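Below is one structure; the comments refer to it alone.
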Amino acid sequence: METIAEYIKKGRPDAWRAELRKSMKAKERTSLERVVMPEQDPNVRNKNIEEVNFGITEEMAVVEAHRCLDCPEPTCTIGCPVGIDIPHFIKKIESKDFLGAAAVIKQTNALPAVCGRVCPQEKQCELQCFYTQKLHKPAIAIGNLERFAADYERNSGKMSVPAIAESNGIKVAVVGSGPSGLAAAGDLAKMGYDVTVFEALHEIGGVLKYGIPEFRLPNDIVDVEIENMRKMGVKFRTDFIVGKTASFEDLREQGYQAFFVGSGAGLPKFMNIPGENFNGIFSSNEYLTRINLMKAAYDDYDTPVLEGKNVAVVGGGNTAMDSVRTSKRLGAKRSMIIYRRSIEEMPARVEEVHHAQAEEIEFMNLHNPVEYYADENGRVNRMRVQKMELGEPDASGRRRPIPIEGSEFDIDVDLVVVAVGVSPNPIVPASLKDLKMTDWGTIVVDKETMQSSIPDIFAGGDIVRGGATVILAMGDGRTAAVGIDQYIQEKVKAN
Amino acid sequence: MNKIIEKEFFSENVARLVIDAPDIAKSRKAGHFVIIRLDEKGERIPLTIADGDPEKGTITLVVQKVGVTSAKLLAMNEGDEILDLVGPLGKATHIDKFGTVLCAGGGVGVAPLLPIVKALHEAGNRVITVLAGRNKDLIIMEDEMRKYSDEVVIMTDDGSYGKQGLVTAGMEEVIKREKVDKSVVIGPAIMMKFGSFTTKKYNIPTEVSLNTIMVDGTGMCGACRISVGGKTKFVCVDGPEFDAFQVDWDQMMTRMGAYKTEEHEAYQKYLETVQTEA
């Protein structure tokens, strides 16, 4: 099989690309300014759930595509966990073949409209871009261009279905329909496998549906990508928990030859401080699930969610940003981030922090909750926080937060969202006694193939990484698809 | 899928539903629960499985009208389909040969107790079952319980059936009479709290099955969390059964009431719509 590097190198010498490179001088290209993503006014958007970013126009996309130098060694591609042929799709946009651009992305990425919205490109492809590395200028807006191509294709009504190899009739099960499962399912379907995705919830999409809010990733967009996978022959089964509804052994008996486990994040972490189980204190998973998956904010839906006027969200990651911005949109007077380190150390995407700041979210950095208090009905009404200062760097390379003695003070709150991370979902491991696990509850896999200690079971995403991004999970799914293919080929040959 | 095969009212507000769910019927064990969602706009609620038939591919749920979703479910008819039904969830009951086991069920808590009584009986235990309710109409599943129990004691608050008195009185009578090795108490939180206070006096290890608020039911959201032995536990994956003496009952009851206002308003609104339609 060709490597990603070989795959990406292959298309560059094509006549149309050589022509395009010659059509404009490098100096002219580098003198163009990076396009700015148009977005809703912060004071309007913090009262609605419409998407924050509007997406760039055709004209903007073509201009942005001209900035790309189509480098002989495209370093941007090193930064992409799913190996998208970045210069190829950007040059398709420059030549105004927008559908062609989408087709290039879809060769290696099952969810382009999703990744174009939620990938941390500034830490991946755009970080490795020639502009960032050598010119010290703003990178090519690769993420915005990806989103543009995917949206253009969707709106054109001419969605292409990737080429599918002839069906080999071999059944493979994917456990969980989040980003890693969908990526694995897409690649396995392309290879000709008969793929069924089993999902515990009533909706397909995993964290893309229950976790990431509408204003960052509309559910309709996820549904279109899932529909496309159905067209590729992928089957979906909701309300089915592998390890509970049926065991792995049951499914083996039904003819499944291999499994990809992408069962994702499980138990939300709490801080184990006094009062944390008072009413009105949620995990971010619960808060976001009620609102995103169960649509609790709509009157005609049955699921309730408690209203908050003074909302504190504990944590500094993307989930914390999603939660705090959601609370503002649901009418909170005051929405605060409480994070124990400074703003520079926050793991959230810079864009999300900026968006939150513009939406009048208060940032209480270098503060940490120590205790919660409640009214006579057990509803949280106050939290005690302690100020922190930064000491020497810890194992993560970030400066360690140290509590300042005697600096505690109280804040009035009526809703708290704890967004300090999750532990892997325990259901699959609990159902497989022989599965090798780490001390953190993640599944041990061979990084090259994503194969677990049980030969026909492969795994990826948060169940292996503990907590990561959509795109890293998708990268795992793709790696596992290759691993599963090799495993099955060898097994077939051996018989 | 998930078709209601049979529906039978035990009383005005309590009914038994037999539902087509072949996968769950095969894999379920005593102690397991399911999550259901009735329609596109419905909420997800947990219900403990009362019985199952792997041959027919059905499971049995016993539902009491307490809010919008249970009211809607009880208004559904044989032949109707439940949109989403997932399970079996939670850990199965630990069944062993304990000796003499005192099982106490209050209200619809009798339904989840039935498969446990059955399993304990099949494991060779002497099973004494106390069924309690406010009045005769609220004593359910007596015949099934008699089938798997060595003795059944009935307690009603008003004395309209069996003996008059609370479940705890019935339990204590048995404990005073003979050696009890283990107890299982299932019912409303307040009944489990006082039921386990009774067994604690006599140092009888006691299990309870908690019915906290849940959303996903698969260990993801933490809505069901509860303090057990000073540690936060998730009822959906760590339970639903716990050592009764370790449960923080006051916290449990406070958390059960988290949406009291919202639930009440929603139910009133539902009743109004039903009346307008009628």
Fill in: Candidate set from region A:50-83 (those that are aliphatic (A, V, I, L, M) and open to solvent by less than 10 Å² (accessible area, probe 1.4 Å)); member that is nearest to residue A:124 (Cα to Cα)
A:82
Fill in: Filter result for the condition that a residue is open to solvent by 10 Å² or more (accessible area, probe 1.4 Å), touching a Cys at 6+ places or on another chain (Cβ under 8 Å) and not assigned by TED's automatic domain parsing to the domain that holds residue B:121, over B:234, B:242
B:234
Item to complete: Check every one of the helices (runs of 4 or more DSSP H) wholly within region A:50-168 and list those with 3 or more residues that are touching a residue at least 24 places away in the same chain (Cβ under 8 Å) and over 19 Å from residue A:7 (Cα atoms).
Response: A:58-67, A:112-118, A:142-156
Discussion item. Cβ-Cβ under 8 Å, sequence separation 6+ or interchain: first residue in region A:214-239 and of a type in the set (Val, Ile, Thr), partner open to solvent by 10 Å² or more (accessible area, probe 1.4 Å) and part of a helix (DSSP H, G or I). Which pairs?
Written reply: A:221/A:117; A:221/A:154; A:224/A:154
Discussion item. Give me the residue from region B:229-250 that is over 20 Å from residue A:430 (Cα atoms) and more than 9 Å from every other protein chain (Cβ to nearest Cβ) and, out of that set, farthest from the chain's Cα centre (by Cα).
Written reply: B:230
Practice prompt. For region A:123-134, indicate whether the set of residues that are hydroxyl-bearing (Ser, Thr, Tyr) and within 30 Å of residue A:324 (Cβ to Cβ) is non-empty.
Written response: yes
Fill in: Residue identified as open to solvent by less than 20 Å² (accessible area, probe 1.4 Å), more than 9 Å from every other protein chain (Cβ to nearest Cβ) and in contact with a Leu (Cβ under 6 Å, 6 or more places away or on another chain) among A:311, A:261
A:311
Practice prompt. Go through (1) in contact (Cβ under 8 Å) with a residue 12 or more places away in the chain; (2) open to solvent by less than 30 Å² (accessible area, probe 1.4 Å); (3) over 30 Å from residue A:188 (Cα atoms) and name the single condition residue A:278 misses.
Written response: (2)
Response to the item:
Residues of region A:372-399 being modelled with pLDDT of 95 or more, open to solvent by less than 60 Å² (accessible area, probe 1.4 Å) and away from chain B (no Cβ under 14 Å), in sequence order, are A:383, A:385, A:386, A:388
Discussion item. Kindly evaluate residue A:203 against the criterion of being within 12 Å of another protein chain (Cβ to nearest Cβ), surrounded by 17 or more Cβ atoms within 10 Å (Cβ to Cβ) and more than 30 Å from residue A:433 (Cβ to Cβ).
Written reply: yes
Worksheet item: Which number in (1) open to solvent by 70 Å² or more (accessible area, probe 1.4 Å); (2) assigned to a helix (DSSP H, G or I); (3) not aromatic (Phe, Trp, Tyr) marks the one condition that residue A:47 misses?
Response: (2)
Item to complete: For residue A:327, indicate whether it is among the polar types (S, T, N, Q), at pLDDT 95 or above, crowded, with 18+ Cβ neighbours inside 10 Å and in a strand (DSSP E or B).
Response: no
Item to complete: Can you tell me which residue within region B:217-228, out of those that are part of a strand (DSSP E or B) and either of a type in the set (Lys, Arg) or facing chain A (nearest Cβ under 10 Å) (or both), is most open to solvent (accessible area, probe 1.4 Å)?
Response: B:227
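Condition check ((1) aromatic (Phe, Trp, Tyr); (2) assigned to a loop (DSSP other than H, G, I, E, B); (3) crowded, with 18+ Cβ neighbours inside 10 Å) across all residues:
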| position | (1), (2), (3) |
| --- | --- |
| B:170 | no, no, yes |
| B:176 | no, no, no |
| B:190 | no, no, no |
| B:199 | no, no, yes |
| B:203 | no, yes, no |
| B:255 | no, no, yes |
| B:262 | no, no, no |
| B:270 | yes, no, no |
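The values are calculated or read from the model by the stated rules, or taken from the named source; none is laboratory data. Model, not experiment: these values are computed from the prediction. So basically every Cβ, Gly included, is an ideal-geometry build from the backbone, and we count neighbours across all protein chains shown. Quick note on the areas: whole protein, heavy atoms, side chains included, nothing else; ligands and nucleic acids left out. Shrake-Rupley method; radii C 1.70, N 1.55, O 1.52, S 1.80 Å.
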